Structures are given as C-alpha cells and as structure tokens.
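Okay, structure first, notes after.
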Protein chains: 2
Amino acid sequence: MINNMKQLTVDLGGRSYPIYIGTQLLTQVNLLTQHIKSKQVLVVTNTTIAPLYLQSFLENLSTYQLESIILPDGEQYKTLAYVENIFTHLLTAKFNRNATLIALGGGVIGDMGGFAAACYQRGINFIQVPTTLLAQVDSSVGGKTGVNHILGKNMIGAFYQPQAVIADISVLKTLDDRQLAAGIAEIIKYGLIRDYEFFEWLEVNIELLVQKDEQSLAFAIERSCLNKAAVVAEDEHESGIRAILNLGHTFGHAIETGVGYGKYLHGEAVAIGTCLAADLSRRLGYLNDADVARIIAIFKRVNLPVLSPKNLTVNRYIELMLVDKKNIEGIIRLIVLEKIGKAMLPISVEMSILEQTLNDYQGR
Amino acid sequence: MINNMKQLTVDLGGRSYPIYIGTQLLTQVNLLTQHIKSKQVLVVTNTTIAPLYLQSFLENLSTYQLESIILPDGEQYKTLAYVENIFTHLLTAKFNRNATLIALGGGVIGDMGGFAAACYQRGINFIQVPTTLLAQVDSSVGGKTGVNHILGKNMIGAFYQPQAVIADISVLKTLDDRQLAAGIAEIIKYGLIRDYEFFEWLEVNIELLVQKDEQSLAFAIERSCLNKAAVVAEDEHESGIRAILNLGHTFGHAIETGVGYGKYLHGEAVAIGTCLAADLSRRLGYLNDADVARIIAIFKRVNLPVLSPKNLTVNRYIELMLVDKKNIEGIIRLIVLEKIGKAMLPISVEMSILEQTLNDYQGR
C-alpha cells in the first residue's frame, strides 16, 4: 500500500494537464470530478473492465447525466466502425459539445475514446483512466488517439490531449500476466531511448514488476510518464524528437497488421520490434553484440517474445513497413539506438541491411 | 474577364493561409504548386466535377506522384464510410504523412477531404479548391471539416485549416442555377450577421449574381471571405463570436437531417432557416415586420425556399434541433439578429416562442 499520490504535468501551455499516479485513486472521486466541466458524461469501457470496475465507477458519478458504452476487448475492435458506435450513443443521448468522455480501459479504449472525443462535434472534453500497465505508462499520455485500418495500424486519428490522466495502480491487481508483460515492454523502451539509469534499474528490478510489487510499479510508471511527458512537451505533433518514442514500433505495427490485429498484444509486438531495432543498430555500427544481448535478455526475463512471427515473410514485412508514418517518399525510416539509453532521430535504412535483420529474427 | 486576382489572408498566426479569388486561377499552376510540399498528391473530387475539370487539373500536376478519387456527388454521401474510402486509397498508394490532399469540388468534397486530411496519419497537408459558390464564399474557409451522422448534420469532424484556398470564379460558369442560388444564401448571411452595407449592396445587385456577372461575383465572394476570415481569426474554435456564422443553420441542419441528406441543398436549407431566425428575432422584439419582409424578399428574388418542408413536423424539428452543437445541457440556443447587419451570440429560446415560429413557417 502506497499512500503517496504522485502528480506529474504534461506541459503544453494552455493545454497542459496532470497525470495522477497512485493506489486507490478510483475511490477518490474528487480527483476525477474536478476535471468534469459538464453535466453530460459518457464512460467508454470494454467487456473485460466493465464487470470489474464499471458499476462502482458509475456510482461515483451518479450526480451526472450519465451514459456508458461497453465495447469488445481487443486490438481487432479498434476500428472506425466502433468509434461510429460511440458517436451514435452520444447522439442518441443528445450529448452536446460541452459533454465529457471518460475512457476507462487499456490502450484500445483510450485510443478510440480519445478519437471519438476529438471528432464528436469537432471536440469534447476527454479524461483518460487507464486500466492496463501499457496504457498507464504510454498510450494514455501525450494525446495520440486513433484507430487501425486493415492496411495499417493507427493510420487514422488525431492529436487530442485529455484534461487529465488518472493512473490507479490498484487496478493492475486484476491484470493478467500477458497484459502486464506487454506494459513492461513499453517501460523498457523508455530506458532504452533516453534514460540509461532507468534501464539499469530495470535490469536489477524487473522481476519486481512481474510480481506486481506496488512500490516498484509506482516508480516505473512515474519514471515512464516523466520521460513521455518531457518528450511530448518538447514535440507534441511529432515533427522531431517525439519519433524516438516509436523505437521498435515500425516493426511492431507491421507484425500487428500482418498477422491480424489482436493476435499479438501491442506491447508484445513492440518487444519483438525493439529487438529487431537493436539488431539493426548493431549492423549500423552503433551497438555491439553485448548491448544487443542485454536488450534481448531483459525482454526474455519478462516472458516477452523476441522473434518475429514465423508466418510473416520478409517481403510482407517490408510492404507493411512502407506505410509507416515516419517514412518520406517511399523510403523506410526507422529509430535506432546510438547506445543503450539514447535513441537517434529517424534514419533511412538500406533495404539490404534491413532484410538481414528481418531474416535473422524470423521465428521458426 | 477580371484580370486582378485578389488575395486575402486568414490570420491564424503560424497557421495563417491565403485565399486567392479570381478568374482562370486553375490554369495558373504555380498558384497551387507553391503550396504543395510533397511528391505525393491525392486529388479528391466528385462525379460532377471530374468530367469537367479533373483531367486538365491532373495534367497540371503531372510531375507529382499523383492519385485521384472520384466520390458520388451529394450531401447524402458525406459519411464516415466515404471518408474511409479516401483512407483506403491513401494507404493502398502508400501515401505518407508528408502527402498533400487537394479537395476539388463543392462543400461536401471540401468537408470530407479536409476531414480525411485531418485524420490520415493524424494530419497531412490540405488545399481547398472550391468549385461551387457556396464552397467559395463559406465552407472552404475557416477549417471546419467533417461528415454527417444519420442522427445529426456535421456531427463528426475536426477543426483543420488548409494550406491555401483557391477560388476560381471561372468554374462557376458550369454551376447550375440551384447550386448558384444555394451559394447566394450564404452570401446574404454575411450581410445579415455583420455587414449592413453589403446587405444593401445585395438588395441592389442580387440579380447580377444570379446572372453570374463576373465582377459582381468577384466582389461578393471577396466580401464574404473577408467577413468569414475576420470572424475565424477572432475565434477559430467557435468558443464565442464564430457561432454567428451559424445564423439559420440550426433550423437548416434540422431540415437536412429531417427530410434526408441531399433532398435540400445546404444553402437552400440555410435560406429557410434564416427566414425562421428572422421571424424569431421579430418575436423576441429585435426586428420589426419590415425587416423580416426585407429578408424574406431577398431570398425570394434568388428563387430560394423560405418555408419549411411540409412533412417536417414541429415535434420532429425540435427533436432534431436538440442535438445542435450550440446547445448546452439540453437547452436549444440559437443565433438571432439584433438588427439587419448585426447578429447576437447564441441565446436560449423559450420553447413556446420557437414553436410559434416553426408553425408559422410550415410549408403547405
């Protein structure tokens, strides 16, 4: 039990907002309601979270004109069609432009809820209540919202910042091991891209995260959010440095799209992608063999996959990577590591070198 | 033939952009290409415009990696599903975040193209080439993009500003009378809401617009865009004064949604709605009978409708008006005229007075 709630700020001038991190935050109703500026409130959640937390969450908000919508759980449902369901719900309830949408769930719910909030009547208030480790350390912070297209992951969306992020560590008790590990993949990413000290801490303490030790989780979530908030404050719309947050993601998105959304969790695909990015960094002369081994080792300790799906061919991989948002004029651009703890801005990568990496990390 | 091109600016700091108004602008290729910062260009147009202008438009851009998509023409096709078609086209062509989308068409194409540009990879470059009078004087300027929902007009969208607006008066030669009149409805609106001198000019010269006199069109388009640009610069996201641009639109949107998108042109529905708003302004003690008569008369001179569809009941009207974006907590808020040439910020309207207006302007 941790009593100390941490509060960080994503510094974006007039659109700055707090991230609250701590235990039992969902029972502290004022934490949430101080950010609701309307009578009309829609809670968007999914079939996994609803039976666990929805009823008590709604009871805390009983003074509002309250609606809820329960979407199916999984990346394969992160589509324009399900966002349209949210619009229909909002319109049927005659919700106006001053309404508030609360996303209570993991990354999929946060991305879809945020995109719905961005587009409904050209923008309504939005609060993130992330319930997975991945959402708490990564996807709920920074304003990237959107849905997948059958031809590409996260290809449709908006930059749309929430009014607040409430990360309640207590809800992680009900998170299954696979989801937990997927979240740890993004935590490791922060160490790799800009926080060597944190990476060293993770090398010592990673099993504490796997065991859901609350103090360790609180520290890792806070440290991850600090890193993310700093990058987002510097480059909200990813015209530069923000791209380093995508270490491993171009590979990861290709995996998720290529094998079908929902087969791999996002964090699992990112784990594989980060190992590929590490190998590529080695081939380009930045990392040495020992660095790559350290990186692969830490993912393995969390039981995360480190090899590509065996049914994803190199040609298909490259075809999928060609639609990545970082590319320019059909040239694949990737994030690589200059060293552990420091990522570089996107660089164009020769196809022959990329193919070597893809071949060497093909699952069997 | 007018040789003088006019250039206005929508002043939004770092996101300011020019509006070019003149004849034969589509043949001045540099006017367009100076705003294209990419190799990849998608032209979005419709089945009416494509046979008239698409081929020569594309020939002017032959040095680019060029794609085009032709959507069906009409408000009933302004849906999320057709925007998804644009995404699919962009992804199939492997277009990246630095691509440019050009909307070549009327308000529907501009709204859909702009929304697609806002959401594709969270935002790509966007240029408006409006080909209807309504789009040239109103919808292409100011960054409102979006689509309709079966339960409400323009309920899904984004504020997303173009890089430039190119309004070529020459293309209005092929515009049919009904479309022309619909555009004049929005022109009259600018006189009513904030430009009494312009309204007086219109009372003298409106038949010249109906006859497509180029000098008169050029003047009216420029004056309309000047008014719109001033309002948008003051209040981009409609937190205040921008709402006056919606004079007559709450009624108009209810008509369009109520009878089915595409039956009335947007400008026709706005003409009816503006007459209703004028009547309401009279009932609230702002306008006198003579004012209302002047307003109705000018719409009639353009052959625009001034009475509601006879199959739209008052109850259904009110139900539809309850989802309007200006409403707060289920109270209908409307724009009324303090006098001809001056609109007021949205005010809450008593249901009994609203019903009187709706009853009196019911078509028979």
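The values are calculated or read from the model by the stated rules, or taken from the named source; none is laboratory data. What you are looking at is a predicted structure, and each value in this text was computed from that prediction instead of being measured. Glycine also receives a Cβ, built like all others from the backbone with ideal geometry; neighbour counts cover every protein chain displayed.
Results, tabulated for the structure shown:
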{"read-out": "Any hit, the range A:39-59, residues being surrounded by fewer than 18 Cβ atoms within 10 Å (Cβ to Cβ) and within 14 Å of another protein chain (Cβ to nearest Cβ)", "value": "yes"}
{"read-out": "Residue match in the range B:170-177 (condition: of a type in the set (S, T, Y), touching a residue at least 24 places away in the same chain (Cβ under 8 Å) and either farther than 24 Å from B:G13 by Cβ or out of contact with any strand residue (DSSP E or B) (no Cβ under 7 Å at 6 or more places or on another chain) (or both))", "value": "yes"}
{"read-out": "Filter pass, A:A290 being among the hydrophobic types (A, V, I, L, M, F, W, C), in contact with an Asp or Glu (Cβ under 9 Å, 6 or more places away or on another chain) and part of a helix (DSSP H, G or I)", "value": "no"}
{"read-out": "Residue match in the range A:164-186 (condition: within 14 Å of chain B (Cβ to nearest Cβ) and either in contact with a Lys or Arg (Cβ under 6 Å, 6 or more places away or on another chain) or surrounded by fewer than 21 Cβ atoms within 10 Å (Cβ to Cβ) (or both))", "value": "no"}
{"read-out": "Checklist (1) part of a helix (DSSP H, G or I); (2) under 29 Å from A:Y77 (Cβ atoms) applied to A:E238, failing item", "value": "(1)"}
{"read-out": "Among (1) under 20 Å from the mean Cα position of the chain (by Cα); (2) touching a residue at least 60 places away in the same chain (Cβ under 8 Å); (3) closer than 26 Å to B:Q179 by Cβ - the single one B:G273 does not satisfy", "value": "(2)"}
{"read-out": "The one condition in (1) closer than 11 Å to B:A243 by Cβ; (2) within 14 Å of chain A (Cβ to nearest Cβ) that B:M344 fails to fulfil", "value": "(2)"}
{"read-out": "Any hit, the range B:292-311, residues being crowded, with 17+ Cβ neighbours inside 10 Å, within 18 Å of B:F198 (Cα to Cα) and aromatic (F, W, Y)", "value": "yes"}
{"read-out": "From A:E186, A:E207, A:E203, A:E222, residue being charged (D, E, K, R), out of contact with any helix residue (DSSP H, G or I) (no Cβ under 8 Å at 6 or more places or on another chain) and part of a helix (DSSP H, G or I)", "value": "A:E222"}
{"read-out": "Number of positions in the range B:128-152 that are part of a loop (DSSP other than H, G, I, E, B) and more than 14 Å from chain A (Cβ to nearest Cβ)", "value": "4"}
{"read-out": "Candidate set: the range A:172-223, residues that are among the acidic types (D, E) and within 15 Å of the chain's Cα centre (by Cα); chosen: the one nearest to A:P346 (Cα to Cα)", "value": "A:E186"}
{"read-out": "Any hit, the range A:304-318, residues being away from every other protein chain (no Cβ under 14 Å) and in contact with a strand residue (DSSP E or B) (Cβ under 6 Å, 6 or more places away or on another chain)", "value": "yes"}
{"read-out": "Any hit, the range B:339-359, residues being among the hydroxyl-bearing types (S, T, Y), free of Cβ contacts under 8 Å to residues at least 60 places away in the same chain and in a helix (DSSP H, G or I)", "value": "yes"}
{"read-out": "Residue list for the range A:275-285, filter: in a loop (DSSP other than H, G, I, E, B) and crowded, with 17+ Cβ neighbours inside 10 Å", "value": "A:L284"}
{"read-out": "A:I156 being away from chain B (no Cβ under 14 Å) and touching a residue at least 24 places away in the same chain (Cβ under 8 Å)", "value": "no"}
{"read-out": "Test: residue in the range A:217-233 that is within 14 Å of chain B (Cβ to nearest Cβ), farther than 24 Å from A:D177 by Cα, surrounded by 23 or more Cβ atoms within 10 Å (Cβ to Cβ) and not small (G, A, S)", "value": "yes"}
{"read-out": "Some residue of the range B:98-110 being assigned by TED's automatic domain parsing to the domain that holds B:T45, in contact with a Ser or Thr (Cβ under 8 Å, 6 or more places away or on another chain) and modelled with pLDDT under 95", "value": "yes"}
{"read-out": "Considering residues of the range A:115-127 that are at positive phi and surrounded by fewer than 24 Cβ atoms within 10 Å (Cβ to Cβ) only, the residue farthest from the other protein chains (Cβ to nearest Cβ)", "value": "A:G123"}
{"read-out": "Pair list, Cβ < 8 Å and 6+ apart or interchain, from the range A:301-325 residues that are assigned to a helix (DSSP H, G or I) to residues that are crowded, with 19+ Cβ neighbours inside 10 Å and among the aromatic types (F, W, Y)", "value": "A:Y317/A:F251; A:M321/A:F251"}
{"read-out": "Sole residue being closer than 19 Å to A:E355 by Cβ, acidic (D, E) and more than 21 Å from the chain's Cα centre (by Cα), chosen from A:E329, A:E319", "value": "A:E319"}
{"read-out": "Restricting the range A:326-337 to residues that are surrounded by fewer than 18 Cβ atoms within 10 Å (Cβ to Cβ) and not in a loop (DSSP other than H, G, I, E, B), the residue that is nearest to the other protein chains (Cβ to nearest Cβ)", "value": "A:I328"}
{"read-out": "Total residues in the range A:62-113, condition in a helix (DSSP H, G or I) and either more than 10 Å from chain B (Cβ to nearest Cβ) or free of Cβ contacts under 8 Å to residues at least 60 places away in the same chain (or both)", "value": "21"}
{"read-out": "Per-region count, the range A:145-201, residues aromatic (F, W, Y) and not assigned by TED's automatic domain parsing to the domain that holds A:L265", "value": "2"}
{"read-out": "Residue in the range A:155-169 that is assigned to a helix (DSSP H, G or I), modelled with pLDDT of 95 or more and of a type in the set (S, T, N, Q) present", "value": "no"}
{"read-out": "Pair list, Cβ < 7 Å and 6+ apart or interchain, from the range A:22-49 residues that are in the same structural domain as A:G123 (by TED's automatic domain parsing) and in a loop (DSSP other than H, G, I, E, B) to residues that are crowded, with 20+ Cβ neighbours inside 10 Å and hydrophobic (A, V, I, L, M, F, W, C)", "value": "A:T23/A:I169; A:H35/A:I127; A:H35/A:A164; A:S38/A:A99; A:I49/A:L104"}
